[in-house]
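Data block below; observations after.
The values are calculated or read from the model by the stated rules, or taken from the named source; none is laboratory data. Just so we're clear, the structure is a prediction, and the values are computed from it rather than from any experiment. Cβ placement follows ideal geometry from the backbone for every residue including glycine, while neighbour counts extend to all protein chains displayed. To get the accessible areas, we keep the full protein, side chains included, count just its heavy atoms, and leave off ligands, DNA and RNA. Shrake-Rupley method; radii C 1.70, N 1.55, O 1.52, S 1.80 Å.
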Amino acid sequence: MEAYYLEATPKTPKLDFNPEANNFVISGRSIPENSIEFYKPLLDWLEKYINNPKKSINFEVKLEYFNTSSSKCLVEIFRKFEKIHQAGHELTIEWYYDEEDEDMQESGEDFKDIIKVPFRMIQNKG
Amino acid sequence: MAKAVVQSDVFQAEIDFLHEVRALAEDQTIPEAKVKENYKALCNKYERLIGEAKLLTSVSDRLHSKLNEANEKLKKQFDEINKINDDLKVNNQLLQDTIDQLVKAKVGRKASSIVLLIAIILFIISEGLLEPLVEQEFGNDQIGFIFKLGIAILLKPIDVIVERYMMRKALKSNSSRVINH
């Protein structure tokens, strides 16, 4: 299975999903004009990945800012990981946020409440 | 309209599920046990949707308050910029007035020096050249006094003319300097 990689732009995040590594990353800003169109290929990729995932996976979310429709897409992404976790794979979602960014911290906690996957809140240092 | 399409896409999975459940609800042939199972699935989906609705609402509220804060900040900065701009305008006018006064004083000093020089030259011409000639010709020593009086009366108009000329020249060179900048 090929890796799914997208470089960050001022409006879209970096997506680094390499099936060979056990670490997936999403970082940057997520305010695309059409979030569904932007995240659809990734959701399709994850749908295929679910069939043959690694035993242990770490998913790092390092977002600075995201719009409402992106948050719905994030829920969809997390649901895919939920399926992997329910299938017995070791999986952790790490939500990174800046010390002074209370909004991002609270958003992470909101996701943590509805996603049934080990969810770690990590404060960025420095 | 395009926005509405995008919004419905966001909830496409939920819309599909709703269609599925509606179709099942109209199906009279489903056994009771299956109906109960479907009902449970529907409850689970509904619970999940409530969680997502809560999340989307709080994310949206946070974004709204962030935008509001940014807007307030921009408004405040805009007012500050306007105030600074007004102060700059006043200071600029004051500066321009001071520059004009300085130029006027400088030109006035230069004009006085020139007029003094002209007066000395006229005095020398009158004393050394015109007076002996006129006295020799007419034999009247009062004429020398009239010449000096004439020079004294002419001093002020000459000063005004020289000052005006120099002021015009100074203003012209000032404005060309501003254009070049």
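Listed by chain and number, the lysines whose C-alpha is less than 27 Å from the C-alpha of B:K76, apart from same-chain residues fewer than 8 away, are A:K11, B:K66, B:K89. Proximity of backbone amide H atoms, modeled 1.01 Å from N, is registered between A:L91 and A:I57 at under 5 Å, excluding neighbours fewer than 5 places apart on the same chain.
Take every Cα pair under 8 Å whose residues are at least 6 apart in sequence, average their separation, divide by the length of chain B, and the relative contact order is 19 percent. Calculated [222 nm] ellipticity per residue, helices only, for chain B: -33000 deg cm²/dmol; basis is -39500 (n - 2.57) per DSSP H run with n ≥ 4, divided by all residues, nearest 500. For B:K172, a cut-off of 22 angstrom between C-alpha atoms picks up these lysines, skipping any fewer than 8 places away in its own chain: B:K104, B:K106, B:K110. Chains B and A together bury some 1700 Å² of accessible area, summed over both sides, with a 1.4 Å probe.
Counted by Cβ distance under 10 Å from B:K54, the other residues give a net charge of -3, where Lys and Arg count +1 and Asp and Glu count -1. Label-to-label distance for B:L18 and A:T92 is 4.0 nm, based on points extended 7 Å past Cα in the beta-carbon direction. Counting 0.36 nm for each residue step from B:I118 to B:D27 and taking away their Cα separation leaves a gain of 20.8 nm. Can you give the angle from 0 to 90° between the axis of helix B:32-125 and the longest principal axis of chain B, with both taken from C-alpha atoms, to the nearest 10? Taking the Cα atoms of chain B, the angle to B:32-125 is about 0 degrees.
Placing +1 on each Lys and Arg Cβ and -1 on each Asp and Glu Cβ, with no other charges, gives the stretch B:72-111 a dipole about its Cα centre of roughly 300 debye. Taking the Cα atoms of the stretch B:2-180, the ratio Rg/Rh between the radius of gyration and the Kirkwood radius comes to 1.78.
Subtracting the Cα-Cα distance of B:L133 and B:S176 from their residue separation scaled by 0.36 nm leaves 10.5 nm.
When you restrict to C-alpha pairs under 8 Å that are six or more residues apart and normalise by the size of chain A, the relative contact order lands at 21 percent. Each residue was assigned an accessible area with a 1.4 Å probe, and for B:L171 the value is about 80 Å².
In this simple spin-label model, placing a label point 7 Å from the Cα along the Cα-to-Cβ direction at both A:Y65 and A:E47 gives a separation of 3.2 nm. Peptide A:113-119 is shielded by partner chain Cβ atoms: per residue, an average of 2 of them sit within 10 Å of its Cβ.
Legend: calculated FRET efficiency, B:K75 to A:E100, from the Cβ-Cβ distance at R0 = 22 Å, rounded to 0.05, equals 0.45.
Rounded to two decimals, the Cα-based Rg/Rh of chain A, with Kirkwood Rh, is 0.93. Take the alpha-carbon centre of the stretch A:92-118, take the same for the stretch B:10-69, and report the distance between them in whole Å. If you average the Cα positions of each part, the centres end up 23 Å apart.
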